[in-house]
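The values are calculated or read from the model by the stated rules, or taken from the named source; none is laboratory data. What you see is a predicted model; the values in this text were computed from it and never measured. Virtual Cβ from ideal backbone geometry, glycine too; neighbours counted across all protein chains shown.
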């Protein structure tokens, strides 16, 4: 799929990782539907940046925890664009909505995580499959460590939700394979944006002292490439999976983490370095 002239919907693209994806696609001529939940100003700013890169699009509001909002969002996208070629499920609620330890989490917080991730991707993939032509792209922004670890205790609901997304990627990949529609997931590592700007992933909203500890940890060697990631890094990965050359890649989870996911946590770092 040559991306110039294509149309994309990216949920949660007013800022952070979603914004990085939107701007990268815009650089290659993709028109972008910029989704937001509450921050319309940030969405309009992203649209301005999209236009500065020579592309265009529009902003669309929706609460992705509400099935009727998802349906209406896709109706607006089809009405505005006439079609859709790329769907990226990225939106995530703010931390207070779900960030609680397993023994303390409420059912409301649990459902906030599951509904905004697994259910939203399920419905988004169904809706997009109805309007995406053969050869299109569906992607989910996941976090695979949440499905195999349990150490980040307040992440329990989101970890379970992202694990469900990983599974849905595989099921939809099989369901849509004969149409040439690829379905893949991207699992970012530690993602930071520019200092003093909420442009990264979840790390940017943690207390400053925790952010600094995370930075030192990764730059010290636990991320082999010696740095944290950026929204642009995730945007680059999305771009790669949207290219014609990626048409035989489906049902996969691509780790965009500078190698952090291949480190052995059992051995001290000095031993691993030899």
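Conditions tested, residue by residue: (1) closer than 20 Å to residue 127 by Cα; (2) within 16 Å of the chain's Cα centre (by Cα).
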residue	(1), (2)
24	no, yes
33	yes, yes
47	no, no
71	yes, no
81	yes, no
97	no, no
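Would you confirm whether any residue within region 145-164 is under 25 Å from residue 7 (Cβ atoms) and modelled with pLDDT under 90? No, that holds for no residue. Every test in (1) more than 20 Å from the chain's Cα centre (by Cα); (2) surrounded by fewer than 18 Cβ atoms within 10 Å (Cβ to Cβ); (3) assigned to a loop (DSSP other than H, G, I, E, B) is passed by residue 175 save one, and that test is (3). Checked against (1) farther than 16 Å from residue 73 by Cα; (2) touching a helix residue (DSSP H, G or I) at 6+ places or on another chain (Cβ under 7 Å); (3) surrounded by fewer than 23 Cβ atoms within 10 Å (Cβ to Cβ), residue 149 meets all criteria but (2). If we keep just the residues of region 121-144 that are touching a helix residue (DSSP H, G or I) at 6+ places or on another chain (Cβ under 7 Å) and not in a helix (DSSP H, G or I), which is modelled with the lowest pLDDT? By that ranking, first place goes to 143.
In the condition set (1) at pLDDT 90 or above; (2) surrounded by 15 or more Cβ atoms within 10 Å (Cβ to Cβ), residue 211 is compliant with all but (1). If you filter region 212-237 down to residues that are assigned to a helix (DSSP H, G or I) and touching a strand residue (DSSP E or B) at 6+ places or on another chain (Cβ under 6 Å), you find that the one that is nearest to residue 179 (Cα to Cα) is 237.
Looking only at residues of region 85-97 that are assigned to a loop (DSSP other than H, G, I, E, B) and at pLDDT 95 or above, we find that the one that is farthest from residue 186 (Cα to Cα) is 85.
For region 98-110, a tally of residues being without any contact (Cβ under 8 Å) to a residue 12 or more places away in the chain and either closer than 18 Å to residue 37 by Cβ or not in a helix (DSSP H, G or I) (or both) returns 4.
Beta carbons closer than 8 Å, at least 6 apart along the sequence or on distinct chains, pair a first residue in region 227-249 that is more than 22 Å from residue 211 (Cα to Cα) with a second that is loosely packed, with under 14 Cβ neighbours inside 10 Å and modelled with pLDDT under 95 for 244/2.
Out of 12, 5, 29, 54, one residue alone is closer than 17 Å to residue 131 by Cα and either over 19 Å from the mean Cα position of the chain (by Cα) or part of a loop (DSSP other than H, G, I, E, B) (or both). It is 5.
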